[in-house]
Structures are given as C-alpha cells and as structure tokens.
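Notes for the one structure printed next.
The values are calculated or read from the model by the stated rules, or taken from the named source; none is laboratory data. Computed from a predicted model, the values in this text were never measured in an experiment. Cβ coordinates were reconstructed from backbone atoms using ideal geometry, including for glycine residues, and neighbour counts include every protein chain displayed.
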Amino acid sequence: MSWDVIADNFARFLDGAQLTLLLTVIALGIAFTLSIVLALLRDSPRWWLRHMIGAYTLVFRGTPLLIQLFLIYYGLAQFEMLRQSFVWPWLSSPLICVLIAFVLNTTAYTTEIFAGGLRHLPPGEIEAARAYGMSPWTQARRILLPAMLTRSLSLYGNETIMMLHATSLASTVTLMEITGVARNITLNYYIQFEPYVTAGALYLLLTFVLVGAFRFAEWRWAAYLQPRRG
Amino acid sequence: MLSDYIATVLGAGWISLQLAFISLVLAVVLGLLGALCKRSGSRVLRFMVGVYTTVVRGVPDLVLMLLIFYSFPALLNQWFESMGSMYTVEFSPFVAGCATLGLIFGAYMTETFRGALQGIPHGQVEAAYAYGLGRVRTFRSIVLPQMIRLALPGFTNNWLVLVKATALVSLLGLQDIMFRARGAAEATGKPFTFYLLAGGFYLAITVLSLGVLVWVGRRYSMGVKELSR
C-alpha cells in the first residue's frame, strides 16, 4: 500500500475538492433562479410556452449528461460561424462548457421538481390569495414560492446531491476536480487503488454534509407539512 | 459514407441495451435481497444493507466505476502477489460496467422495493399464512403483484437513470454507442452530428420506456382503480 503518495498529494485533493464545490455551487445557484421562473411558467395558460418548457425538460432529462457535455465542448466546434464569432474564447474553455452543460441539465430536473411542488398546492390557497386582492406578483412571492420551495425540499436535496456527483464528469474534459486529481495521480504514480478510494471518501464526506444540511432545512422550514405527532 | 458511420454508431446501441438489461437484472436481484434484508429481524443484516445503500449512493457513478474497474483488481492482485501467486485479475469494461451499474442501481432498487413492501398491509400476509399458503406461494401470489404496482413509479425512474448511466462505461473503453459516436466524430470532423445522434438514441429509449411502463402500470392497477371508483 502506498498511502504516503496520497498524503504527499493531499493538497491537490483539497484543490480538487474546492473546484468540485465551486462547480456545484455555481451550477446550482444559476439553475435555482432559472428553475423558479420556468416552474412558474411550466403550467402557464399559454400552450406554446408550456410545451416549449416541457420539451426542454424532456430532452435534457432524457439524454445522458455526458452527451450534453460533449455536444457543447466538442460539438460546437463543428460550426465555422461560431468559431469565428466573439463568443468562441468562452465556448472553447472547458470550465465554461462544463458550467453550461451542468446548468442546462440540472435546471431541467429542478424545473420539474419545483413545478411538481406547485401542483400539490391546494387550489384553496390561491383562491384565498385572490380573495384578499393580492396582485399576481404578491401571490407568487407570498404564496406560490414558499409553498413550492418547502414542498419540493427533499426532492431538491436529492437533486443537489446528484449535481455534486455529476461534477465528476468535468474530469472528462480535463478539469482537475476531485476525480480529475485522482485520475492524474493514478497515471503519475502507477497506483490504482488509493487515489480512487480517497476520491470516493471525499465525495462521501461532501454528500453527508449536504444530506445533513437538507435535513436541517426540512426541519426548519418544511416541518409544517409533516403529520402532527401525539 | 456518412450513412456508414451512422449505421456503425446506431449498431453499437445494441451493446448499450445489453449492458442496461444485464445491469437491470442484477439491480433487481440485489434490490429484492436488500429490501428483504432491511425488513428482516436481524440487526446485522439491516446494518450491512444500510452501509451498502449509503456508500453506493454517496459516491458518484463514475468514481464507483473507476473503483471497480481499476482499484478492485489492483487490490486483488496485490493480495495474490503477497500470497506468492502469479495469478492476476483484470475485468473487461463490459463486466466492470455491469457490476458497477448493478451495484449502484441495486442500492436504489433496495429503497424502492422497501418502500413498496411497506405499503402492503401485514394482515394480508398473515391471512395467507392462515389459509395455509407457504412462504414462497405467499410471496409470489400475494406480495409480488402488489409490490409491482407500488414499486413501478420508482422502478421506472431507476430504469431511466440506469439507461443514461450506461453512457459512462464508454469512458472505460467499452465500444457502446457513445464510444462509437466519439470515434465517428473524430473520423469525420462532425462531432455535433454524431453526439446528437447518440443523444437521439437515448431519448428514443427514454420515450419508449415511458410508454411501455405506463401501459404496465395501467395493467397492474386495474383492480385498485375499480375499487376506488
């Protein structure tokens, strides 16, 4: 066993963990905002809007993230017009491509989760809000958003864990997050066991932290949805 | 010329499907065993299954795949070497892929099946025993049909995620649709076309599976719908 290699390179693993967290937080942050808007429009009375959002979530939830990532990172180079344009320096950076793929993917899942939370809202609550004379904006802010977010909290927790795990795919386009670091060390030192075990343990640790955070959030904000005890 | 590439890429879809089906069978077996262990009286069994589902669901698919494809054989070989044996193990990407996906989705299936088992009133099993039905017969005729109905939504979800997860095995070098798409992309200089083609294949499987599973769901909930009306 050569755990001393891991000890020597532990700083690199920490850098990797930092990038993993950075990717997760940025992707989730952007996706959260987008999903709230899309979820509110998901059951809009305008049929074309409803169908467009439905088609978007179906396509991005129905294909592997790896393909979406490769389509953006490798695929876009096929279009000469894009390569000549001013956006190319951004689109040829692996970091930007990974973030675009992650945001598009997790937004599709999160939109459906939030829209599902909204569908379980008793119609009486919206009717009551209207009866009080709330404007659509106030209704969204006071009634729809809190209900949507608390009702979908546990599913959203799962989605954030999925996103954390999905960041491991960033290693396939040269990014040095936890998995990338582990792969790099296996190649440099010819050891196959220790680096991947370390990577797995780091992910497990991060997952536990997330699970704990969402347990707390559910206890704090969604407790009113639980059946009463005693 | 381009159509030849398209045929090769789509032809490899069969490998992806084989991988998905074998992994699914493994996952269902593991899931059933896991769910039965979690419901059993033995604390040791419950604890062990708990550790299994927690660890497997706490580590990314890709990392688990690398662990099984690279780390596990390396560990075995080190062990063989210390025993003074010349024997070395190596997994093929297909075997490692099936093992990993089976293990991962076995953990998800355990949770799905456990939830389904919980939804069946225990009185029904007691009644079956009281009528003199054996353990196997009770499971087959009383528990299983209801479990299928209750587990179907979770099962559908797990299957859809499993199909998409097979794309990862291309990273180990399995010549599946994703691997061939990559080859065709590099050979023709048309990466967008071929990754889109592969994406279309997965999307078609997803839509098809949803259709089939909605039909199965209708079939298994026939009795229930009539009762609730």
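A few notes on this one:
- Matching entry among A:Glu159, A:Glu80 (being exposed (fewer than 13 other Cβ atoms within 10 Å of the Cβ), more than 20 Å from B:Gly199 (Cα to Cα) and among the acidic types (Asp, Glu)): A:Glu80
- Test: residue in the range A:98-105 that is under 25 Å from B:Gly189 (Cβ atoms) and within 12 Å of another protein chain (Cβ to nearest Cβ): yes
- Residue match in the range A:185-199 (condition: without any contact (Cβ under 8 Å) to a residue 60 or more places away in the chain, outside any loop (DSSP other than H, G, I, E, B), facing chain B (nearest Cβ under 8 Å) and surrounded by fewer than 22 Cβ atoms within 10 Å (Cβ to Cβ)): yes
- Among the residues of the range B:203-226, those identified as more than 26 Å from B:Leu10 (Cα to Cα), within 23 Å of the chain's Cα centre (by Cα) and in contact (Cβ under 8 Å) with a residue 12 or more places away in the chain are B:Val216, B:Gly217, B:Tyr220.
- Unique match (being at pLDDT below 95, in contact with a helix residue (DSSP H, G or I) (Cβ under 7 Å, 6 or more places away or on another chain) and within 11 Å of another protein chain (Cβ to nearest Cβ)) among B:Ser82, B:Ser71: B:Ser71
- Test: residue in the range B:12-20 that is within 20 Å of B:Leu168 (Cβ to Cβ), touching a residue at least 12 places away in the same chain (Cβ under 8 Å) and not in a helix (DSSP H, G or I): yes
- Filter result for the condition that a residue is modelled with pLDDT of 90 or more and within 11 Å of another protein chain (Cβ to nearest Cβ), over B:Val95, B:Val63, B:Val28, B:Val44: B:Val63
- Entry remark, the range B:190-200: residues being crowded, with 23+ Cβ neighbours inside 10 Å and more than 8 Å from chain A (Cβ to nearest Cβ) number 1 in total.
- Yes/no for A:Val181 being within 13 Å of chain B (Cβ to nearest Cβ) and within 23 Å of B:Ala181 (Cβ to Cβ): no
- Condition met for B:Ala130 (touching a Leu at 6+ places or on another chain (Cβ under 6 Å) and among the aliphatic types (A, V, I, L, M)): no
- Some residue of the range B:136-156 being closer than 19 Å to B:Leu24 by Cβ, more than 9 Å from chain A (Cβ to nearest Cβ) and basic (Lys, Arg): yes
- So B:Ala187, is it part of a helix (DSSP H, G or I), over 26 Å from B:Thr110 (Cα atoms) and either away from every other protein chain (no Cβ under 14 Å) or more than 18 Å from the chain's Cα centre (by Cα) (or both): yes
- Test result for A:Leu40, within 30 Å of B:Leu210 (Cα to Cα), surrounded by 15 or more Cβ atoms within 10 Å (Cβ to Cβ) and not β-branched (Val, Ile, Thr): yes
- All of (1) surrounded by fewer than 19 Cβ atoms within 10 Å (Cβ to Cβ); (2) modelled with pLDDT of 95 or more hold for B:Gly102 with one exception: (1).
- The set of residues in the range A:18-70 that are away from chain B (no Cβ under 14 Å), under 29 Å from B:Trp159 (Cβ atoms) and touching a residue at least 12 places away in the same chain (Cβ under 8 Å) comprises A:Ala27, A:Leu28, A:Ala31, A:Phe32, A:Leu34, A:Ser35, A:Leu38, A:Ala39, A:Arg42, A:Asp43, A:Ile53.
- Per the listing A:Glu127, A:Glu159, the residue uniquely within 14 Å of chain B (Cβ to nearest Cβ) and acidic (Asp, Glu) is A:Glu159.
- Any chance B:Gln175 is surrounded by fewer than 21 Cβ atoms within 10 Å (Cβ to Cβ), within 25 Å of the chain's Cα centre (by Cα), away from chain A (no Cβ under 13 Å) and modelled with pLDDT of 90 or more: yes
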